[in-house]
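Structure first, then comments.
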Amino acid sequence: MPIKSWKQEERPREKLRMIGAANLSDAELLAIIIQNGNREHSAFDLALDLLNRSNQTLSQLTRLSMKELMKTKGIGMAKAMMILAALELGRRRFSEEQKPKDSITDSHSVARYLQTKFMDLSHEIFAVLFMNRANKIMHLEIISSGGMTGTVADPRIILKKALEEEAVNIILCHNHPSGNLRPSRADEELTQKIIKAAKYFDIQVLDHIIVSTEGYYSFADEGRI
């Protein structure tokens, strides 16, 4: 049944106007983003199908790629892009709220921020936080992006960027999509390699933090830096 045939007060857009977005279900909000259905299914039906494929959780929905979204009949490229854009805005808002506003004093606040940035990624990335003398974050840069099991970071690229940002301190960070937080031998060797190279430019590596949905691992907390 097309949404236009619903009672006016039950239509998602009308409900949002009358009672506010916070009072709508995930399916209703998603239907508003989708806007229109097709001959066979309404926008609400398409929203329900996407949520059913995501185990009724937005966290699973955010992990769907454009190609995967388009597997739902009635979701073309334009609708898939609108959904991805809306989800990315939500992720950025959450990440912005978690970003440490003051000087970095512990690994926990940094890890929480990184988790919000990388939580929906199915592949491994390597990033660096560039900080000033007061240990305030000036910039976060993704240095490399890899596959399901690993990525490679070039120390020359990291230090070149640190000099460009006029960073005094840096924190290395990457994610483990598998959930396993134990650093690999390659993680350990790369950390030491960057620490040694950074000393030549009077740049200090404060930490190397690995994050996953299960938690985080801090090289500094473990006495390995």
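Read-outs throughout are calculated quantities, based only on the coordinates presented, and are distinct from any laboratory measurement. All values derive from a computational prediction rather than experimental measurement. All Cβ positions, glycine included, derive from the backbone under ideal geometry; neighbour counts span all protein chains shown.
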Enumeration of residues in segment 180-203 that are surrounded by 17 or more Cβ atoms within 10 Å (Cβ to Cβ), of a type outside the set (A, V, I, L, M, F, W, C) and not in a helix (DSSP H, G or I)
183
Here is a list: 27, 31, 47. Which entry is in contact (Cβ under 8 Å) with a residue 24 or more places away in the chain, within 30 Å of residue 178 (Cα to Cα), under 28 Å from the mean Cα position of the chain (by Cα) and assigned to a helix (DSSP H, G or I)?
27
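Under 27 Å from residue 59 (Cα atoms) and without any contact (Cβ under 8 Å) to a residue 60 or more places away in the chain - does that describe any residue in segment 129-136? Can you show your working first?
From segment 129-136, those under 27 Å from residue 59 (Cα atoms) are 129; that's our starting set.
Then keep just the ones that are without any contact (Cβ under 8 Å) to a residue 60 or more places away in the chain; that gives 129.
Yes: one or more hits.
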